[in-house]
There are 2 protein chains.
Amino acid sequence: MNIGDVSRRSGLPAKTIRYYEEIGLIRPQRSENGYRSFRERDLHKLAFLGRARALGFTIEDCRTLLGLYEDEGRESAQVKRIAEHHLGQIDDKIAQLQSMRATLDHLVHACAGDHRPDCPILEDLAQKIPEGLSCESERVR
Amino acid sequence: MNIGDVSRRSGLPAKTIRYYEEIGLIRPQRSENGYRSFRERDLHKLAFLGRARALGFTIEDCRTLLGLYEDEGRESAQVKRIAEHHLGQIDDKIAQLQSMRATLDHLVHACAGDHRPDCPILEDLAQKIPEGLSCESERVR
DNA sequence: AATGGGGACTCCAGTCACTGGAAGGTCAAG
DNA sequence: CTTGACCTTCCAGTGACTGGAGTCCCCATT
């Protein structure tokens, strides 16, 4: 299989697949013409990576998860720890976004949105310190 | 005011303030010794930027919002449009994260997390195509 | 044999919003 | 005179790709 086939079958862009090789997540063989030559096993790995990424795991988590997947002697506790930690991060992000959302929604509703210059959104930004959203707090990435 | 004072009073790291100058969000004057010299107005702008960033607006949105803030002839509709669009983005992100969260939470609960290698999380990543989370779908940034 | 089109290859630069660090200048206190 | 806290610039790195340039390869058609 060439990269185009694998791209179609895994749903990952060819660019991404090359990138994954570059950072050592996969090691496809090469044909005589220099083209990457993928086996079913590579495709399987890429699909695994695609799904792990779709769940929001970082590339480094994906690397670890792939390693555990191929390690017969793994303990499911190792996998669970990674997943739980990630779940915690997701919860943090959701909380932060919901806090932003609440403030923003309030402001949007307060703004007339007409031709006049008066705007509670700008007034808020110019003055208020949104609680729990001070500049010290961590940002959602 | 030197950058340290402004940093303390705005809550923004000095590095960030220098960066904001570099990209033209602020234009502090300079003292004879080459130090940046901030006025109250600059501090006010920085606080504005910090709050807009805390609400998740992009830098370019912040630039526009700051411009509108200083434009007496603005229409509040312009501000509202930006805020509404941003609110929509936030809602999309929240929805995506909640979808991830649901799948992940389910998997975490299904995993024993003990010394044995059997792991539903890995099995899922290796086989299932999570609905609504296929690789084509946009990623949360 | 020439040509055209669709892949594939590498390499470099850009994204976003900072952040870290090196190497050096300035200033007030002890 | 030295110390240490500031300040300066400049360069590189982050994460996970993405875009684009320039070149090469393969197959089919003219």
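The values are calculated or read from the model by the stated rules, or taken from the named source; none is laboratory data. A quick note: this is a predicted structure, and the numbers were derived from the prediction, not measured. Cβ coordinates were reconstructed from backbone atoms using ideal geometry, including for glycine residues, and neighbour counts include every protein chain displayed. Note: accessible area is taken over every heavy atom of the protein model, side chains too, but ligands, DNA and RNA are not part of it. Shrake-Rupley method; radii C 1.70, N 1.55, O 1.52, S 1.80 Å.
A few points about this structure:
- Qualifying residue in the range A:35-50 (condition: facing chain B (nearest Cβ under 8 Å), on the phi > 0 side of the Ramachandran plot, in contact with a helix residue (DSSP H, G or I) (Cβ under 7 Å, 6 or more places away or on another chain) and within 11 Å of DNA strand D (Cβ to nearest atom)): no
- Every residue from the range B:3-20 that is within 10 Å of DNA strand D (Cβ to nearest atom) and open to solvent by 40 Å² or more (accessible area, probe 1.4 Å): B:Asp5, B:Arg8, B:Lys15, B:Arg18, B:Tyr19
- Subset tally (residues that are within 7 Å of another protein chain (Cβ to nearest Cβ) and surrounded by fewer than 20 Cβ atoms within 10 Å (Cβ to Cβ)) for the range A:77-86: 2
- Just one of the numbered conditions (1) facing chain B (nearest Cβ under 8 Å); (2) surrounded by 14 or more Cβ atoms within 10 Å (Cβ to Cβ); (3) away from DNA strand D (no atom under 14 Å from the Cβ) is not true of A:Gly73: (2).
- Note on the range B:93-104: among residues that are more than 16 Å from A:Arg51 (Cβ to Cβ) and free of Cβ contacts under 8 Å to residues at least 12 places away in the same chain, the one that is least open to solvent (accessible area, probe 1.4 Å) is B:Ile94.
- Qualifying residue in the range A:93-111 (condition: at the interface with chain B (Cβ under 7 Å from one of its Cβ atoms), in contact with a helix residue (DSSP H, G or I) (Cβ under 8 Å, 6 or more places away or on another chain) and closer than 30 Å to A:Gly24 by Cα): yes
- Selection of helices (runs of 4 or more DSSP H) fully inside the range B:1-110 by the criterion of at least 3 residues being within 11 Å of DNA strand C (Cβ to nearest atom) and modelled with pLDDT under 95 returns nothing.
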